[in-house]
Amino acid sequence: MQNTRLNTFIDRLFQQFTQWVENPWRRLSLLAISLLFGNFLASAIATSTGQRTDLDVFIAAIILAIVEAISWLTYGSTMGRRKLGENNAFLGQRPIVVAILNSLKLGLVYGLFVEAFKLGS
């Protein structure tokens, strides 16, 4: 790709973000915020699709596809793991973007279970 000012700016911004996230407390706080946002997103999806009952099956299929895609990205692909060493051993923490998506997915699934329990009682 051509080395433009915009490309250089985005590369530097991404490098600064990855250096900022290297702190374990910042990484943990981002993961906790992502988990709570997933829980909020689940309650928002459940209330908005509850208003229109004809969208329930379609939205459930979309959510299932998104959850499975994030699970494949996190656990199934090599992108979800960081390579260390020359023998291509996959060790260490996942990249922050993959960890945030996985945390969002966990919050979403947990929130949908809580909404189902609320409707069942």
Most fluctuating of Asn39, Asn23, Asn102 in the GNM of the chain (C-alpha, under 10 Å) is Asn23
Contact order relative to length for region 24-120, counting C-alpha pairs under 8 Å separated by 6 or more residues, stands in percent at 47
In the list (1) 0.96; (2) 1.03; (3) 1.08, the entry giving Rg/Rh (Cα atoms, Kirkwood Rh) computed from the coordinates is (3)
Taking Cα atoms only, helix 96-120 is inclined relative to the longest principal axis of the chain by an angle, in degrees rounded to 10, of 10
Full extension between Thr8 and Ala69 adds, at 0.36 nm per residue less the Cα distance, a length in nm of 18.9 nm
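Bear in mind these aren't lab numbers, they're just calculated from the coordinates by the rules spelled out. Predicted, not measured: the structure shown is a model, and the values here were computed from it.
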